[in-house]
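Notes follow the structure.
The values are calculated or read from the model by the stated rules, or taken from the named source; none is laboratory data. Model, not experiment: these values are computed from the prediction. Note that we place each Cβ from the backbone using ideal geometry, even for glycine, and neighbour counts take in every protein chain shown. Heavy atoms of the whole protein, side chains included, go into the accessibility calculation; ligands, DNA and RNA do not. Shrake-Rupley method; radii C 1.70, N 1.55, O 1.52, S 1.80 Å.
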Amino acid sequence: MHLEGIRERRTLAHRLSERGEGKLKAVVYLAIALFAIYSAVKIIPAYVSNYQLSDKMQEQARFSIVNRYNEEQIRNNIFKVVEDLEIPVKREAIKVVSTSAIVKISMEYTVPVDLLVYHFDLHFTPSSENKALF
């Protein structure tokens, strides 16, 4: 009889000590998942904008030879895309070389990312080149 009372107290004490462990793990995992989602929301748009800019640069290089655009017209067209995508690039940073045989477009830019507890920069260098067929 005395042994049963000790066993019951031991199991009760054991159950009480484990009571909040599952909740703490759930809160930690939830915090990690929320931080991962928050980070993705901050980082992924910069990569999507860079991809869209690269695509427009290739398109512009391809059609610039056919339409015989000069360097300033190409730079203006690319800068309009940069403004639409809200990319932090100045007009002077867009390098354009255009001849009758080749068009080269390139630039470098950095996007600052703030994740509340960590700050870093994403560095991008999109470029495009197209040669005339003749």
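The table for this structure:
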read-out: First in the range 72-94 and part of a loop (DSSP other than H, G, I, E, B), second anywhere and among the β-branched types (Val, Ile, Thr) and open to solvent by 20 Å² or more (accessible area, probe 1.4 Å), Cβ under 8 Å, 6 or more apart; value: Ile87/Val111; Pro88/Thr110; Pro88/Val111
read-out: Residue in the range 114-134 that is modelled with the lowest pLDDT, counting only those that are more than 21 Å from the chain's Cα centre (by Cα) and in a loop (DSSP other than H, G, I, E, B); value: Phe134
read-out: Qualifying residue in the range 83-98 (condition: of a type in the set (S, T, N, Q), modelled with pLDDT under 95 and under 17 Å from Ser128 (Cα atoms)); value: yes
read-out: Members of the range 77-113 found to be open to solvent by less than 70 Å² (accessible area, probe 1.4 Å), of a type in the set (S, T, N, Q) and either under 20 Å from Tyr47 (Cβ atoms) or over 25 Å from the mean Cα position of the chain (by Cα) (or both), listed by number; value: Ser98, Ser106, Thr110
read-out: Where a residue in the range 113-132 is under 18 Å from Val82 (Cβ atoms) and among the aromatic types (Phe, Trp, Tyr) and its partner, wherever it lies, is open to solvent by 80 Å² or more (accessible area, probe 1.4 Å) and not in a strand (DSSP E or B), with Cβ under 8 Å and at least six apart; value: Phe124/Glu108
read-out: Index of the failed condition, Ala101 passing every other in (1) free of Cβ contacts under 8 Å to residues at least 40 places away in the same chain; (2) in contact with a Ser or Thr (Cβ under 8 Å, 6 or more places away or on another chain); value: (2)
read-out: Every residue from the range 39-64 that is over 27 Å from Asp121 (Cβ atoms) and open to solvent by 30 Å² or more (accessible area, probe 1.4 Å); value: Glu59, Arg62, Phe63
